[in-house]
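A.B. asks: Structure incoming, see below.
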Amino acid sequence: METDDQHNESIVQIRAVIAGFLQERLQPKLEKLKEDEEEKRQELVEAHVPETWIADAARRVGQIQQVTHAIKYIHSDAKGTNLSVLGNPQSGELLVGTHTAPEQCPPDVVGNAAALDVYKFLRLEVDEKNLLARAAENDPAMQAALSANSELASTWMESFAKLAESSGTPTSHKLAKQLYWPVGDGQYHLLAPLFPTSLVHHVWSTVREDRFSEAAKAARDARRNDQEHAHGYREYPNMVIQQFGGTKPQNISQLNSERYGENYLLRSVPPSWQSDQVKPPLRVESVFDGWFGRRPRVKELMRILREFLYRVQDVNNMHVRNKRIELVGYIVDELLSFAAELRDIEESWTLQKECKLNINERCWLNPYRTHEDEEFRKTYVWGDWKEAVCKRFANWLNAGLSDPKNPLPFGDAAAGQWQSDLDKALRMLHLEVESYE
């Protein structure tokens, strides 16, 4: 509960802050007048008397709106609804949005740029609380500070408090973007995307800090001079700057003006891989004799699967079975990727003298040879090489997971389940190999 002394002190502080704000606005205008323009001087002074200026501000505040998502960024002439929301928390952490950093997303203001001074007035703070928040709370100290006429002051505060409210029924506009989002059974949601100006400002501020702050500059200087530094720095390569509002960014929004009309577009393209030239597996009878198992990803997956099997050797439930199938599936994916690389070689490399591969794997890995070798083509079409390849993979996998000194830790039931899991993976592998045709 605020005492009378605290209440009176708050009134004095609010009046002092308002007087300082108005004086800062008045003084530059007076300095531009000539000495003989006394009438204009008097008009300016009278217009900046607190009660006069505040009354005018309460009238003009309806020309602007506090928002987090604005439509004018989509098209400068779009007239639809702007929104002031803190995002959708149901989206969760998988999606980055206004809801993921609500404390760091400052409110923006759209509307008549000539009325943005009203928003600056409402952002004035006394005791770490701005005038807009005080108006929304119907603060008695602010009411007393605005005018001796309590009814008039209350009306002004009510007008100011409506800054964050949207008026009328939400609408889109012919110049705004609209998306039909399918929801099944021939039904659609009509979506009208808005520009998340508050979130954009948080990202823009973060990037500016990373690029131009004194701490970032010091860290870069230290690196150039091969010196240690307390922390690192961030780089944003191939970034593009999108401009809004041209030479008058304030016509889009207040935050757009503070961003100098800039919006940073970060590079978001897939990595460009440069793989080594694929070499055919010569001088081996089977690719499972070292070639496939030496791939780093395969070695890692085999280690993970082996450790998992030993860790759950006494457990047989749905989670364990699903995890086993998942890990074997990853290895099958690697096998299919490995085969795809070799099958892309456009030459009959299995005809080379150095090629010792068994006929099944020759059919599997060198389909290009069917273009110039009729006997090979018949074997490829009619042979049972697909089944043989799947069996070789199963034997290789079982051998890779165990050895005579350290056998797989399966009891009879677990061994039967493992064989069932493996059969499922082999059926999927067989279907994938069939799809080569």
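The values are calculated or read from the model by the stated rules, or taken from the named source; none is laboratory data. Keep in mind that what you see is a predicted model, and the values were worked out from it rather than measured. FYI the Cβ positions are ideal-geometry reconstructions off the backbone, even for glycines, and counts take in every protein chain you see. Quick note on the areas: whole protein, heavy atoms, side chains included, nothing else; ligands and nucleic acids left out. Shrake-Rupley method; radii C 1.70, N 1.55, O 1.52, S 1.80 Å.
A.B. asks: In this model, which of 120/217; 34/248; 40/72 are farther than 30 Å apart at the alpha-carbon?
C.D. replies: Beyond 30 Å between Cα atoms: 120/217; 40/72.
A.B. asks: Let me ask another. May I ask for the net charge around residue 214, where only other residues with Cβ less than 14 Å from the Cβ of residue 214 are counted and Lys, Arg are +1 while Asp, Glu are -1?
C.D. replies: Its environment carries a net charge of +1.
A.B. asks: Mind checking the dipole of segment 1-73: about its Cα centre, +1 per Lys or Arg Cβ, -1 per Asp or Glu Cβ, Debye to the nearest 20?
C.D. replies: Roughly 600 debye for segment 1-73.
A.B. asks: Peptides 124-137, 354-367: what's the order by average Cβ count within 10 Å, highest mean first?
C.D. replies: 354-367, 124-137
A.B. asks: Go through 199, 169, 389 and say which Cα lies farthest out towards the positive end of the charge dipole of the chain; charges sit on Cβ, +1 for Lys and Arg, -1 for Asp and Glu.
C.D. replies: 389
A.B. asks: Now for a different question. Apply the Karplus parameterisation 6.51 cos²θ - 1.76 cosθ + 1.60, with θ equal to phi minus 60°, to every residue of segment 336-345 and state each ³J(HN,Hα) to the nearest whole Hz, in sequence, with x for glycine and proline.
C.D. replies: 5, 5, 4, 5, 4, 4, 6, 5, 7, 6
A.B. asks: Something else now. Round to a whole number: what % of the accessible area of the chain belongs to carbon and sulfur, probe 1.4 Å?
C.D. replies: Answer for the chain: carbon and sulfur cover 50 percent of the accessible area.
A.B. asks: Another question about this same structure. Could you pull out every one of the aspartates and glutamates with an alpha carbon less than 12 Å from that of residue 424, ignoring same-chain neighbours closer than 8 positions?
C.D. replies: List returned: 326.
A.B. asks: Can you compute the charge dipole magnitude of segment 194-301 about its Cα centre, using +1 on each Lys and Arg Cβ and -1 on each Asp and Glu Cβ, nothing else charged? Give it in debye, rounded to the nearest 20. Before the final figure, lay out the partial values.
C.D. replies: Values: 16 positive and 13 negative charges, 54 e Å.
That gives a dipole near 260 debye.
A.B. asks: Quick one: Karplus J couplings for segment 152-159, per residue in order, coefficients 6.51, -1.76, 1.60, θ = phi - 60°, nearest Hz, x for Gly and Pro?
C.D. replies: Each residue's phi maps through the Karplus curve to give 5, 4, 5, 5, 4, 4, 5, 5 Hz.
A.B. asks: Which label belongs to the value computed from this structure, given these candidates for Cα Rg over 2.2 N^0.38 Å: (1) 0.95; (2) 1.47; (3) 1.61?
C.D. replies: (3)
A.B. asks: Hey, another quick one. Considering only 322, 88, 251, give the residue with the highest GNM mean-square fluctuation for the chain, with springs between Cα atoms whenever their separation is below 10 Å.
C.D. replies: The residue that fluctuates most here is 322.
A.B. asks: In segment 105-221, if the dipole is taken from +1 on Lys/Arg beta carbons and -1 on Asp/Glu beta carbons about the Cα centre, which of 219, 107, 130 is farthest to the positive end?
C.D. replies: 219
A.B. asks: How much area per residue is accessible in the chain when the probe is 1.4 Å and only protein heavy atoms are counted (Å²)?
C.D. replies: 61 Å²
A.B. asks: I've got another one for you. Give the peptides 92-98, 232-238 in descending order of average Cβ contacts within 10 Å, highest first.
C.D. replies: Top of the packing list down: 92-98, 232-238.
A.B. asks: Indicate the gyration tensor shape class of segment 1-147 (rounded, prolate or oblate), computed on the Cα atoms with a ≥ b ≥ c the square roots of the eigenvalues: a/c under 1.5 is rounded; otherwise a/b larger than b/c is prolate and the rest oblate.
C.D. replies: Working: a/c = 2.81, a/b = 1.40, b/c = 2.01.
In terms of gyration-tensor shape, oblate.
A.B. asks: Please tell me which of these pairs span more than 28 angstrom C-alpha to C-alpha: 356/378; 279/378; 29/162?
C.D. replies: Pairs exceeding the cut-off: 29/162.
A.B. asks: Something else: Pairing the Cα long axis of helix 385-401 with the longest principal axis of the chain, what angle in degrees results, from 0 to 90 and rounded to the nearest 10?
C.D. replies: On a 0 to 90 degree scale, this one is about 70.
A.B. asks: Further question: Just how far, in whole angstrom, is segment 255-327 from segment 180-219 if you go by their alpha carbon centroids?
C.D. replies: 30 Å
A.B. asks: Here is a further query. Output wanted: per-residue J couplings in Hz (rounded whole) for segment 70-79, from phi through Karplus 6.51 cos²θ - 1.76 cosθ + 1.60, θ = phi - 60°, x for Gly and Pro.
C.D. replies: 10, 9, 5, 5, 5, 8, 5, 9, 5, 10
A.B. asks: Would you work out which of 327, 352, 304 lies farthest towards the positive end of the dipole of segment 279-384? Charges go on Cβ: Lys and Arg +1, Asp and Glu -1.
C.D. replies: 304
A.B. asks: If you put +1 on each Lys and Arg Cβ and -1 on each Asp and Glu Cβ, how big is the dipole of the chain around its Cα centre, in Debye rounded to 20?
C.D. replies: Around 1580 debye, computed over the chain.
A.B. asks: Determine the distance separating the Cα centre of segment 362-384 from the Cα centre of segment 64-103; give it in Å without decimals.
C.D. replies: Centre-to-centre distance over Cα atoms comes out at 59 Å.
A.B. asks: Let me ask something else about it. So how do 109-120, 17-28 stack up, highest first, on mean other-Cβ count within 10 Å?
C.D. replies: 109-120, 17-28
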